[in-house]
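Here, each number is a calculation from the coordinates, and none is a lab measurement. As the structure is a prediction and not an experimental result, all values here were calculated from the model. Quick reminder, even Gly has a Cβ in these numbers, built from the backbone with ideal geometry, and neighbours come from all protein chains shown.
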Amino acid sequence: MRTRNLRLGLYADEEGLAWVRGLVAEAVAGRSVRGVADSVVRTCPESGLTTAYLYDHLAEQWAWENPGQGSGAREAVELRVQLACSLRTWRAVRKTVIRTLCPAGMGPHTCRVPWSAW
């Protein structure tokens, strides 16, 4: 098994971030995954770019979907999750997380936490 990464750009406050971490934990439960570790970054070490810059479209999405509401403590961050698993398991976890982040389907709807996946 190899270590594989799941990278999620999020526009979230602490509550939203905890919710997404819970989704990841649920997606991993019962699968052949060893060693799950996550971190939240605000500056990408590979490029030096801030997550506010990289994921500014998520802040715009939230403002568009929630007109007249302040953003509160939300900020653009990247949740990086390391999973020791097979490629097949990684794909299944990724698919489950993405599907549960915004489960309303393809029609117009509002996501609880705007997101972008790598």
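Using amide H atoms built 1.01 Å from N in the peptide plane, name the residues 5+ places from Ala117, or on other chains, whose amide H lies under 5 Å from its own.
Sorted by chain and number, the residues that satisfy this are Gly9.
Mind checking which helices in the chain clear 15 Å along their axis (Cα) and have mean Kyte-Doolittle hydropathy of -0.5 or more, DSSP H runs only?
Taking the DSSP H segments of the chain (at least 15 Å long, mean hydropathy at least -0.5), we get 14-28, 87-101.
Might you report the magnitude of the Cβ-based charge dipole of the chain about its Cα centre, with Lys and Arg at +1 and Asp and Glu at -1, to the nearest 20 debye?
860 debye
Which part of region 1-26 falls in the paramagnetic zone of Leu87, meaning amide N under 17 Å from the point 7 Å along Cα-to-beta-carbon?
Answer for region 1-26: 1-6.
Let me make sure I get this right: for region 43-111, a, b and c are the square roots of the gyration tensor eigenvalues over alpha carbons, sorted descending. Under 1.5 in a/c it's rounded, otherwise prolate if a/b > b/c, else oblate. Which is it?
oblate
Percent relative contact order of the chain, based on C-alpha pairs within less than 8 angstrom and at least six residues apart?
48 percent
What net charge do the residues around Glu75 carry, taking every other residue with its C-beta under 15 Å from that of Glu75, with Lys and Arg at +1 and Asp and Glu at -1?
Here the count lands on -4.
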